[in-house]
């Protein structure tokens, strides 16, 4: 009997233990024991199978759970909420009655729902899921799987799906053709090229922006309220059947025409960076927000919609933003006087009119030719036009400027007003006749001609040179440069251009036109008959040495000279020094200031040289490129001079904002033509005379490829100082030549050299020398062949160590 009782006791204990669910994750178990409603009904601190089986709703969100082992015992679950944990896997194959599953904000990499055929709602956003297959989930109604690295999503067997959020994934394909019950579809920020919603009449919100969609048919979506389709490749869209449409975003698409005449309930429209030429909003009396910037083709908008204030009366914060549409001439409104006084986010030339028929015409034009009277006997048919001169006209409030083309012609577009036109940036060597032209325009479609004649007042030899880096200097790669030299004087000149480089760090490859001679580390090109106002350039290519000879942060130093310097009226700009920093990585769309981060305040009246470089990193050729540069208020835009550009372009200024317009550039992609996909524009401009010590000039540029949103470059900063920083290699410009050297080593700096110290590779000082001028010589003929380091100190401006090779 005692043995029988003991056996029964052991069996009872065994079966009791067998009914306890194994839950190894302490946080999961703790969440179950403290769940509301109570799961541990017997209060023994364990979860029995019998307790788990009766639970229909389980909420264990945000409990720092790493594993849900034991969830398989909750076979009666209809709703499981386990989001906000640290789960990497989730097995719900045993929970066949599951209707709602929320597992968002975890680290789940895979989710098998093939056994959950009753599932109606799944929320699994912000995990690590790469694919989801719902071929067995025919009852699925709502799916939120956004913010996963999804490359595959199959919802073709979910005919009742009414909500699908799959945005911010990596989908290149999305088939929703069978999901005709959809009401909400958000698939933005993917790589989708085809989206078929032609049989989806119930969609009210469609968000498909930031994809690659080329065609979008929404004609059957009669319930559509919101359409966000910006940042795609959509060339046209039919909205005539979408009478309920309230919000429309179509920016950054190659759309050239949009008809919203049937969308009477439209409250908001955004159409920036498109190809739209004219936009009729006269039927859209309920509009509250109109935003359309950077539309280069846009010339006319009809806003005469029955509201004197343009917008519907129920708008809490009406917005009209139409800036940076350089060709927008007319906006037709009910009350032009009110519109002009209250809507200021429009281009300066844009005119509000009440007679919409005026828009069929044109604004006004001031056009003419600028010639150079080289014989000083008055301009006539035999005198040549002068290109690249800045012609400006002003109404007293706004300035509109352009540069002359190579034959001297220019064209300026103006509105109604009185305008004063002149040529800017001429040196004191010249006089302009007439000094200015004044024209008054009443009405539109008028043209006034204003020709100008430039004559020399003195005889002045004056040359200038600039070295423009066309790409980043990377160890082991080619570095390309443009050597730009110009005649800014009054006489025809002949001579040569020289370029000194550091032969220890870079190797000369070739130049176009070819060099006349190479002497050590100095390349020379002869030139002849350089006329006043003429600019020529030379493209030079170097190979940058591989590490360890050149490392990131090393300085490639150049000195460019244009001769003759003797007799030059302003010899300082006959020499240009460039210190380029070697980099390992770079942004192909960038801006550089060639003077570096610091400039001496004593040089405040000299030019700052800028280069904006761009590259087509897209998937299709760029037909048009525009570089917009809003100059810092401390820069004098009237001194602007374009030095060079990679392609033919037009320069336009409105006040101090420059547009460099590369129409029909047809820039190939970087993948198809790495070198051909690049472009640049280089220009120089002077600081204002009011710049003071420690003032900083900051500048960046916006680069537009076709209808795409702007690529914003880095911001370059230049501070005006009284002493250059020791570590500022961009501004402490010192060049050694020739390098390699045999006997005499030349050292040239931007200021008097105070001392020179030569050391061997062990750091031992072999020679010290005092200096007094900008250019010093050191005799190294007694040194053995090899590498040496030269420390050059330039007064109180600092010091710099360079490498030299003794042959």
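Scanning region 773-790 for residues that are closer than 17 Å to residue 750 by Cβ and either part of a strand (DSSP E or B) or modelled with pLDDT of 85 or more (or both) gives 773, 775, 776, 790. When residue 515 is tested against (1) crowded, with 21+ Cβ neighbours inside 10 Å; (2) outside any strand (DSSP E or B); (3) modelled with pLDDT of 95 or more, only condition (1) is not met. Against the conditions (1) more than 18 Å from residue 605 (Cβ to Cβ); (2) touching a strand residue (DSSP E or B) at 6+ places or on another chain (Cβ under 7 Å); (3) surrounded by fewer than 22 Cβ atoms within 10 Å (Cβ to Cβ); (4) at pLDDT below 95, residue 674 satisfies every one except (2).
In this entry, residue 143 is excluded by the filter for residues that are touching a residue at least 12 places away in the same chain (Cβ under 8 Å) and in a loop (DSSP other than H, G, I, E, B). Under the condition of being within 23 Å of residue 359 (Cα to Cα) and surrounded by fewer than 17 Cβ atoms within 10 Å (Cβ to Cβ), which residue from region 422-445 is nearest to the chain's Cα centre (by Cα)? So the residue we want is 445. Every listed requirement among (1) modelled with pLDDT under 95; (2) outside any loop (DSSP other than H, G, I, E, B); (3) buried (at least 21 other Cβ atoms within 10 Å of the Cβ) is met by residue 410 save one, (1). Look at residue 553 and say whether it is part of a loop (DSSP other than H, G, I, E, B) and under 30 Å from the mean Cα position of the chain (by Cα). Taking the combined requirement at face value, the residue satisfies it. The residue list 547, 532 contains one member that is loosely packed, with under 14 Cβ neighbours inside 10 Å and either more than 26 Å from residue 387 (Cα to Cα) or outside the structural domain of residue 376 (by the TED database) (or both), which is 547.
Among the conditions (1) touching a residue at least 60 places away in the same chain (Cβ under 8 Å); (2) outside any loop (DSSP other than H, G, I, E, B); (3) within 29 Å of residue 644 (Cβ to Cβ), residue 421 misses just one, which is (1).
When residue 541 is tested against the conditions (1) part of a strand (DSSP E or B); (2) under 21 Å from residue 387 (Cβ atoms), the lone failure is (2).
Please note which strands (runs of 3 or more DSSP E) are completely contained in region 438-477 and include at least 2 residues that are closer than 23 Å to residue 607 by Cβ and touching a strand residue (DSSP E or B) at 6+ places or on another chain (Cβ under 8 Å). Hits in region 438-477: 452-456, 463-469. Considering 573, 568, the condition of being outside the structural domain of residue 712 (by the TED database), touching a residue at least 60 places away in the same chain (Cβ under 8 Å) and touching a helix residue (DSSP H, G or I) at 6+ places or on another chain (Cβ under 9 Å) is satisfied by 568 alone.
Restricted to region 260-363, the set of strands (runs of 3 or more DSSP E) holding at least 1 residues that are touching a helix residue (DSSP H, G or I) at 6+ places or on another chain (Cβ under 7 Å), surrounded by 18 or more Cβ atoms within 10 Å (Cβ to Cβ) and not assigned by the TED database to the domain that holds residue 448 comprises 300-302, 330-332, 351-353. Would you check if residue 174 is assigned to a loop (DSSP other than H, G, I, E, B), surrounded by 15 or more Cβ atoms within 10 Å (Cβ to Cβ) and touching a residue at least 12 places away in the same chain (Cβ under 8 Å)? Yes; evaluated as a whole, the condition is true for this residue.
Here's the yes/no breakdown for (1) over 18 Å from residue 165 (Cα atoms); (2) surrounded by fewer than 18 Cβ atoms within 10 Å (Cβ to Cβ); (3) without any contact (Cβ under 8 Å) to a residue 12 or more places away in the chain:
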position	(1), (2), (3)
223	yes, yes, no
227	no, no, no
234	yes, no, no
241	yes, yes, no
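Checked against the criterion of being within 16 Å of residue 209 (Cα to Cα), in contact with a strand residue (DSSP E or B) (Cβ under 6 Å, 6 or more places away or on another chain) and buried (at least 20 other Cβ atoms within 10 Å of the Cβ), region 146-161 contains one or more residues that satisfy it. In this structure, does residue 689 turn out to be without any contact (Cβ under 8 Å) to a residue 12 or more places away in the chain and either in a loop (DSSP other than H, G, I, E, B) or closer than 22 Å to residue 292 by Cα (or both)? The answer is no for residue 689.
The values are calculated or read from the model by the stated rules, or taken from the named source; none is laboratory data. Since we're looking at a predicted model, the values are computed, not measured. Every residue, glycine among them, receives a Cβ derived from its backbone with ideal geometry; neighbour counts consider all protein chains shown.
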